[in-house]
Amino acid sequence: MKSIHVLNGPNLNLLGQREPDVYGRETLADVEARLSAAAQAAGADLLFRQSNHEGDLVDWIQEAGRAGAGVILNAGAYTHSSIALRDAIVGAQAQVIEVHVSNVHAREDFRHVSMIAPVARGIVAGFGTLSYDLALQGLLALRAGK
Ligand code: DQA
C-alpha cells in the first residue's frame, strides 16, 4: 500500500481562524478529511499530523523516511529558518513535496527563502488549502511512476 505522511508545522492548527484573508476559512480538520478521502480512493494510506515543535517534525520526517512513505510538508515558518528540517529530509532520504497555503513569494522578503525547497522533490504554493490536494495528486503520480 502506498503511504503518504502529511506533516504540518507551527500555527497550522489555527488554520481557519488565523489571518483568514491570507489562509482562508478552511480548518486543518477539513483538509485532513478531504485528503483522507482522496487517498483512500487512490488506494493510499494517509497519516496526517501537526505540531508546533520543530523536533517533532524532525522525528516525523525520519519516521517517514524509514517507512518509505512520501511526505507532504507544510513546515510553516520553519520553512524559512530550519536547517534541522532540511538535514532531516536529506538524512532520511524522504521524498518531500513542500506545500504552502499562501503564495510565499508574493509576501514579505523573509518568506522568499526556503531551507526545504532545494531538497524537496516538488513545491506547491498559493492555491489556498487546495495546495494540499494538488501536492497529494502530484505525489501519488510520482510514486506511481507517472
Ligand atoms: C505558510 C507560509 C509561511 O510563511 C507561514 O509562516 C505559515 C504558513 C503557508 O502555508 O502559506 O505558517 O507555510
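Since every read-out is calculated from the coordinates, none of them should be taken as a lab result. Predicted model, so just to flag it, every value in this text is computed and none were measured. Reconstructed Cβ throughout: ideal geometry from the backbone, glycine too, with neighbour counts over all protein chains shown.
I want the local charge near Thr129. Using Cβ-Cβ distances under 13 Å, sum +1 for each Lys or Arg and -1 for each Asp or Glu among the other residues. Write down the numbers at each step before the final one.
Values: positive: Arg18, Arg25, Arg34; negative: Glu26, Asp30, Glu32, Asp133.
Once all neighbours under 13 Å are counted, the net charge is -1.
About the Cα centre, and with charges only on the beta carbon of Lys, Arg (+1) and Asp, Glu (-1), how big is the dipole of the stretch 64-115? Nearest 20 debye, please.
Details: 4 positive and 4 negative charges, 24 e Å.
It works out to roughly 120 debye.
Placing +1 on the Cβ of each Lys and Arg and -1 on the Cβ of each Asp and Glu in the stretch 2-143, which of Ala41, Leu73, Pro10 has its Cα farthest towards the positive end of the resulting dipole?
Result: Ala41, furthest along the dipole toward the positive end.
Per residue of the stretch 64-77, in order, report the coupling 6.51 cos²θ - 1.76 cosθ + 1.60 (Karplus, θ = phi - 60°) as ³J(HN,Hα) in whole Hz, putting x for Gly and Pro.
Ordered by residue, 3J(HN,Hα) equals 4, x, 4, 7, x, 8, x, 10, 9, 10, 10, 7, x, 5 Hz.
With labels modelled as points extended 7 Å from the Cα through the Cβ direction, what inter-label distance (nm, one decimal) is found for Asp109 paired with His80?
Once both label points are built, they end up 1.2 nm from each other.
Could you derive backbone 3J(HN,Hα) for the stretch 19-35 from the dihedral phi with the Karplus parameters 6.51, -1.76 and 1.60 (θ = phi - 60°), listing whole Hz in sequence and x where the residue is Gly or Pro?
5, x, 5, 9, 10, x, 9, 6, 8, 5, 5, 4, 5, 4, 4, 5, 5
Rounded to whole Å, give me the distance from the Cα center of the stretch 1-39 to that of the stretch 80-146.
Between the Cα centres of the stretch 1-39 and the stretch 80-146 lies a distance of 14 Å.
Skipping prolines and chain starts, which residues have an amide H placed within reach, meaning under 5 Å, of the one on Asn103, given they are 5 or more residues away or on another chain?
Gly126
What number results when the radius of gyration of the stretch 21-146, computed over Cα atoms, is divided by 2.2 N^0.38 Å? It would help to have the intermediate numbers written out before the result.
Details: Rg = 13.8 Å, N = 126, 2.2 N^0.38 = 13.8 Å.
The value comes to 1.00.
With +1 on the Cβ of every Lys and Arg and -1 on the Cβ of every Asp and Glu, and nothing else charged, how large is the dipole of the chain about its Cα centre, in debye rounded to the nearest 20?
Details: 12 positive and 15 negative charges, 90 e Å.
The calculated dipole for the chain is roughly 440 debye.
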